[in-house]
Amino acid sequence: MSLTDLPLSAARDGLRRGDFTSLELVDAHLDAIEALNPRLNAFITVTADQARDEARKADAARARGADGALLGLPLAIKDLFCTAGVRTTAGSKILAPFVPPYESTVTANLRRDGAVFVGKTNLDEFAMGSSNMTSAFGPVTSPWTTSDNRRLVPGGSSGGSAAAVSARLCLGATGTDTGGSIRQPASFTGIVGAKPTYGRCSRWGVVAFASSLDHPGPFARTVEDAAVLLGSMAGFDPKDSTSADQKVPDFAAACRQSVRGLRIGVPKEYRSDDMPPEIDALWQQGLEWLRAAGAETVEVSLPHTKYGLAAYYIVAPAEASSNLARYDGIRFGQRRDGVDLDDLYERTRAEGFGPEVRRRIMIGTYVLSAGYYDAYYLRAQKLRALILKDFTDAFRSVDALLTPTAPSAAFAQGENMDDPIKMYLNDVFTVPANMAGIPGISVPAGLDKAGLPLGLQVLSRPFDEATGFAVAAVLESAAGFDTLPPLRAGAAG
Amino acid sequence: MSLDPATVRRIAKLARLHLEDADVPRLQSELNGILGWIEQLNEVDVTGIEPLAGAADMAMRLRDDAITDGNMQEAVLSNAPDRAGAFYAVPKVVE
Amino acid sequence: MSPSLNQYVIEGSTGPWEIVVGLEVHAQVISQSKLFSGAATQFGAEPNSQVSFVDAAFPGMLPVPNRECVAQAVRTGLGLEAQINLVSRFDRKNYFYADLPAGYQISQFEHPIVGAGVVEVELADGSSKRIGVTRLHLEQDAGKSLHDQHATKSYIDLNRSGVALMEIVSEPDMRSPEEAGAYLRKMRTILRYLGTCDGNMEEGSMRADVNVSVRKHGEPFRTRCEIKNVNSVRFVMQAIEAEAKRQVEIWESGGTVEQETRLFDPARGETRSMRSKEDAHDYRYFPDPDLLPLVLDENWVAELKRGLPELPDAKRARFVAEYGLPVYDAGVLVAEKETAAFYETVAKGRDAKLAANWMMGDFFAALNRTGRTIETSPVSAAALGELVDLLTDKTINGRIAKEVFEAMVETGERPGAIVEAKGLRQVTDTSAIDAAVQAVLDSNPDKVADYKGGKEKLFGFFVGQVMKAMAGKGNPAMVNDVLKAKLG
């Protein structure tokens, strides 16, 4: 068995037993990156020398008797997290030259626990997208293919992280989920992706897209691995005013909790007539698995769920239009000179931002502009309150909700690019959880007829990621999803 | 709510995004498409609903008044594309 | 309703015009660190040395509010007798400018921390007027741009970026440059008393935006213009007059005053239009999603209220009641908290009126002359008090006291020591006075004859001569008595 075939927890056990060293483990993954990244373009920056250095240090520390939740384990970091001394681009030309002089709280937490970073992963520019097609550093190709060998998208915006974990180029990765950007790519690439409760992970040092919707979270190959990663990433941060002062539970232990007696809600509004039959079938299958494990399933109603996406496309662009105003070429980043200050701003930003980012900035600027605030932003925030109320009401009678993660499997690169709304619809099942701030986790549950992964999503109460992990672990065990993508470490061709 | 070219230009100006004349029609059409799709929100009756003040429903923590930051002139200046010693430089502004 | 006497008006060709003035004061909060970052706030530091990554709006940076800045805003609200809003909110005001790194300013738009209050001002004619305060809110200050360092570039210093400001908005209740000046001075005094702002307009820690419009008496309000960033009380008063005249001319020539933002040019004594801010009116305010609602605990506000110092109006009233001072004098002494404290140290247990006269006369004159302040006074309150004692127990008389005081200013020595060293004790020895008086009368027989013949004014001459002979140390009352007795 190759070192890249071990999921995170198994690799950790191996290191603890002394079966191999961290340097060997990290080297194996760096070799895989070298072999596969040219095709997948999952990484924008590979930090090979640093990673080897850190691996050696981890081995030395372990020899001295030290240990840590993630000591010596190779992880990849979405290029939205500022990493001190390592270029951080947010997938954008405007930040192409930016080397942060500070470390984000989440990545500092991972380092505190001994993790080794192999590189910064590709993403949709400024986290705006569901396909990783909008990156200024080229699209990411999914490690999954269909028989006609078209390049497929890994999903987005955290497409690079999802592809890297799926292709076994690292043991886990960080992502951010603003409208589904962890869960949807996890579903497309057949891995686990978790979005915790809003405020569970600090946003300090994460390049902001939409402040009230951004959620840092983990990718991994198993539910337990994702739980271990989240346990390390999470925690109160006084530098982030929206950080939740909540104790971090033992998420890994939660994976072993029984679901007997739990009530699982099935939101009826998530089913539509044009839902692909295989996704519906997988959803039903998931419910059966949970019933077999002793849970009760019951239909619930989330009447405002269908408005979630439209409301999201007011709130997120509005916040983004303001958050991205700081990219002006004056204090950092790429700059294009102009005849005067306004010209400098206009040219720097028009050239530095790609079309999707510019579009969203325009939408956001418009919906906040004089005369439109009430009709758009205020109304969308009221809808958000209604969406949260739907969930709160549902959670009075159920402990978790089960839905499909995405309305389809991965599509080909270049598809859905002609109409922005088609792309936005990828997030229809994931967005409501961002709007309400509740935790959600996607588990690979089956394949569609083209042999591509499909995920199921578990939603739970605020700060009750534990129940989500418990339910997800049961689904994972029942599904026994063990199909591997063709473009992965160690595979031939 | 439909945008006309003048409004598209005004918004681009507010957002400090340079817009070529040739790009206006396409952008206008894309934005109108998105805004038209968003109109569905008007179906919902939101009377009496308080807007969500961020998903986290807490009161704000306040920080002690102490000097814990700054004093790093080099670090805040070293990424600047146009730097003039201890200052950031921009094209001259006439007030 | 006819205009009152003394109402300020601009005389136009079509008759008198009233002016309507509102002031927006931006007061920098006294605190160690900034409103949303831990960088220092001290004035005059090396450029960009008091800047955190939050202040410079680097990617991923987030604001965390400073408790003391919030407390200072509450104290100020309490000092303005204003409504404290236990729940308020921070909003983003979005616009692009080189001194605004994030492309937005964190401010408070719909729900400010302080609501309606009032400032009472005293005018030269002895009347007082209550000027309404509409609201007070917290916001970030911007950085500084230098436009004169380079031919084609402006230089940006972000030290000031993020310092806490209180924006205090008045009702448009002022009707003359004098009222506006009095309001600013009173506001400055209140802020300095509270210790929430040092009110230093030269350094820019207190700035005023002036809103001016004109109207014929009895009319509704006409269009107003805003004059931004006026940095002295004198300039505010000049700017109001210049702007009001400009507007009157426009109206009288048949034109319309356009609502716009202007700057005051002190050299020319006129206002001019600001070009750059014309299209920046769409600020797209929305609640800052990086922050939560600001919720204040009632008990905390009550504690802040208990900790407030005695405010100027209350102190003035107390000085009138306790020390028997005229309102005007009391007003002068309470204008600065430090002066009032100094006075009370001098006056405690002593002749309060005598103490007040000395402070307002010789003492203030000496401070002016030597360029000192109360804090750097060459004469301490204790020393001045001692001087008052020496006068009260008649050790010295008024004239000698002036001489002693001058020596105190010059040498910093205590008055008792100076009196002894220079032998300035007042002479109360009856025989000595008797002898001196007699000597003067004996050497001026013709003047004595004139006096007895009716020239009563010569009495002063005799007093002067006796004092001269006694080197000023004669007890004036006794000298008078003895002279009267001998002259008959």
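Looking for something away from chain B (no Cβ under 14 Å), open to solvent by less than 10 Å² (accessible area, probe 1.4 Å) and farther than 30 Å from residue A:362 by Cβ - is there at least one such residue anywhere in region C:27-48? Scanning region C:27-48 turns up at least one residue that is away from chain B (no Cβ under 14 Å), open to solvent by less than 10 Å² (accessible area, probe 1.4 Å) and farther than 30 Å from residue A:362 by Cβ.
Of the helices (runs of 4 or more DSSP H) lying entirely inside region A:1-81, those containing at least 3 residues that are within 30 Å of residue A:132 (Cβ to Cβ) and open to solvent by 40 Å² or more (accessible area, probe 1.4 Å) are A:22-40, A:48-63. Identify, please: which residue in region A:177-197 is β-branched (Val, Ile, Thr) and over 23 Å from residue A:488 (Cα atoms) and is, among those, surrounded by the fewest Cβ atoms within 10 Å (Cβ to Cβ)? Ranking the qualifying residues of region A:177-197, first place goes to A:197.
Screening C:429, C:362 for residues that are charged (D, E, K, R) and surrounded by 15 or more Cβ atoms within 10 Å (Cβ to Cβ) leaves exactly one candidate, C:362. Using the structure shown, decide if residue A:148 is within 14 Å of chain B (Cβ to nearest Cβ) and either more than 23 Å from residue A:458 (Cβ to Cβ) or acidic (Asp, Glu) (or both). Taking the combined requirement at face value, the residue does not satisfy it. Does residue C:178 qualify as being under 17 Å from the mean Cα position of the chain (by Cα), open to solvent by 20 Å² or more (accessible area, probe 1.4 Å), assigned by TED's automatic domain parsing to the domain that holds residue C:257 and under 30 Å from residue B:72 (Cβ atoms)? Considered against the rule, which asks whether it is under 17 Å from the mean Cα position of the chain (by Cα), open to solvent by 20 Å² or more (accessible area, probe 1.4 Å), assigned by TED's automatic domain parsing to the domain that holds residue C:257 and under 30 Å from residue B:72 (Cβ atoms), residue C:178 comes out as no. Free of Cβ contacts under 8 Å to residues at least 60 places away in the same chain and either more than 10 Å from chain A (Cβ to nearest Cβ) or touching a Pro at 6+ places or on another chain (Cβ under 9 Å) (or both): does that describe residue B:71? For residue B:71, the condition - free of Cβ contacts under 8 Å to residues at least 60 places away in the same chain and either more than 10 Å from chain A (Cβ to nearest Cβ) or touching a Pro at 6+ places or on another chain (Cβ under 9 Å) (or both) - is met.
Here is a yes/no grid of residues against (1) surrounded by fewer than 20 Cβ atoms within 10 Å (Cβ to Cβ); (2) of a type outside the set (Val, Ile, Thr):
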{"site": "A:449", "(1), (2)": "yes, yes"}
{"site": "A:453", "(1), (2)": "no, yes"}
{"site": "A:460", "(1), (2)": "no, yes"}
{"site": "A:471", "(1), (2)": "no, no"}
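Residues of region A:412-434 that are assigned to a helix (DSSP H, G or I) and not basic (Lys, Arg): A:420, A:421, A:423, A:424, A:425, A:426, A:427, A:431, A:432, A:433, A:434.
The set of residues in region C:144-162 that are open to solvent by less than 30 Å² (accessible area, probe 1.4 Å) and more than 9 Å from chain B (Cβ to nearest Cβ) comprises C:161, C:162. Within region A:416-427, can one find any residue that is of a type in the set (Ser, Thr, Tyr), at pLDDT 95 or above and either out of contact with any Lys or Arg (no Cβ under 7 Å at 6 or more places or on another chain) or outside the structural domain of residue A:178 (by TED's automatic domain parsing) (or both)? The answer is no, given that none of the residues of region A:416-427 is of a type in the set (Ser, Thr, Tyr), at pLDDT 95 or above and either out of contact with any Lys or Arg (no Cβ under 7 Å at 6 or more places or on another chain) or outside the structural domain of residue A:178 (by TED's automatic domain parsing) (or both).
If you go through region A:93-141 and keep only what is closer than 15 Å to residue A:42 by Cα and touching a Phe, Trp or Tyr at 6+ places or on another chain (Cβ under 7 Å), you end up with A:119, A:120, A:121, A:122, A:127.
Tallying residues that are more than 7 Å from chain B (Cβ to nearest Cβ), at pLDDT 95 or above and more than 26 Å from the chain's Cα centre (by Cα) within region A:350-375 yields 3. Of C:441, C:424, all but one fail to be assigned to a helix (DSSP H, G or I) and of a type outside the set (Phe, Trp, Tyr); the exception is C:441.
Within region B:28-38, if we keep just the residues that are more than 7 Å from every other protein chain (Cβ to nearest Cβ) and open to solvent by less than 50 Å² (accessible area, probe 1.4 Å), the residue that is farthest from residue A:346 (Cα to Cα) turns out to be B:36.
Among the residues of region B:74-82, are any more than 9 Å from chain A (Cβ to nearest Cβ) and either more than 30 Å from residue C:148 (Cα to Cα) or open to solvent by less than 30 Å² (accessible area, probe 1.4 Å) (or both)?
Looking through region B:74-82, none of the residues is more than 9 Å from chain A (Cβ to nearest Cβ) and either more than 30 Å from residue C:148 (Cα to Cα) or open to solvent by less than 30 Å² (accessible area, probe 1.4 Å) (or both).
Out of the residues in region A:237-282 that are in contact with a Lys or Arg (Cβ under 8 Å, 6 or more places away or on another chain) and outside any loop (DSSP other than H, G, I, E, B), which is surrounded by the fewest Cβ atoms within 10 Å (Cβ to Cβ)? Among them, the one singled out is A:280. Considering only residues in region A:205-228 that are under 20 Å from residue A:467 (Cβ atoms) and in a loop (DSSP other than H, G, I, E, B), the one that is least open to solvent (accessible area, probe 1.4 Å) turns out to be A:215.
Looking at region C:22-132, the strands (runs of 3 or more DSSP E) lying wholly inside it that each contain 1 or more residues that are within 23 Å of the chain's Cα centre (by Cα) sit at C:117-122.
Considering the conditions (1) assigned to a loop (DSSP other than H, G, I, E, B); (2) surrounded by fewer than 24 Cβ atoms within 10 Å (Cβ to Cβ), residue A:231 is excluded by exactly one of them, (1). Of the helices (runs of 4 or more DSSP H) lying entirely inside region C:289-351, those containing at least 2 residues that are buried (at least 18 other Cβ atoms within 10 Å of the Cβ), touching a helix residue (DSSP H, G or I) at 6+ places or on another chain (Cβ under 9 Å) and of a type outside the set (A, V, I, L, M) span C:312-323, C:337-347.
The residues listed here are C:213, C:128; of these, the one that is buried (at least 19 other Cβ atoms within 10 Å of the Cβ), polar (S, T, N, Q) and either in contact (Cβ under 8 Å) with a residue 24 or more places away in the chain or more than 14 Å from every other protein chain (Cβ to nearest Cβ) (or both) is C:213.
If the condition is being open to solvent by 10 Å² or more (accessible area, probe 1.4 Å) and in contact (Cβ under 8 Å) with a residue 60 or more places away in the chain, then region C:230-246 contributes C:237, C:238, C:241, C:245.
Scan region C:133-153 residue by residue and report those that are among the hydrophobic types (A, V, I, L, M, F, W, C) and assigned to a strand (DSSP E or B).
Scanning region C:133-153 gives C:133, C:136, C:138, C:146.
Restricting the search to region C:250-270, which residues are charged (D, E, K, R), in contact (Cβ under 8 Å) with a residue 24 or more places away in the chain and open to solvent by 60 Å² or more (accessible area, probe 1.4 Å)?
C:258, C:270
Of the numbered criteria (1) modelled with pLDDT of 95 or more; (2) surrounded by 14 or more Cβ atoms within 10 Å (Cβ to Cβ); (3) closer than 30 Å to residue C:153 by Cβ, the one residue B:65 fails is (3).
For residue A:483, indicate whether it is buried (at least 18 other Cβ atoms within 10 Å of the Cβ), touching a residue at least 24 places away in the same chain (Cβ under 8 Å) and not charged (D, E, K, R). No; evaluated as a whole, the condition is false for this residue.
The values are calculated or read from the model by the stated rules, or taken from the named source; none is laboratory data. It should be emphasised that the depicted structure is a prediction, and the values quoted were computed from it without experimental measurement. We place every Cβ from the backbone using ideal geometry, glycine too, and count neighbours over all the protein chains shown. Each accessible area value is taken on the protein alone, full model and side chains, heavy atoms only, with ligands, DNA and RNA left out. Shrake-Rupley method; radii C 1.70, N 1.55, O 1.52, S 1.80 Å.
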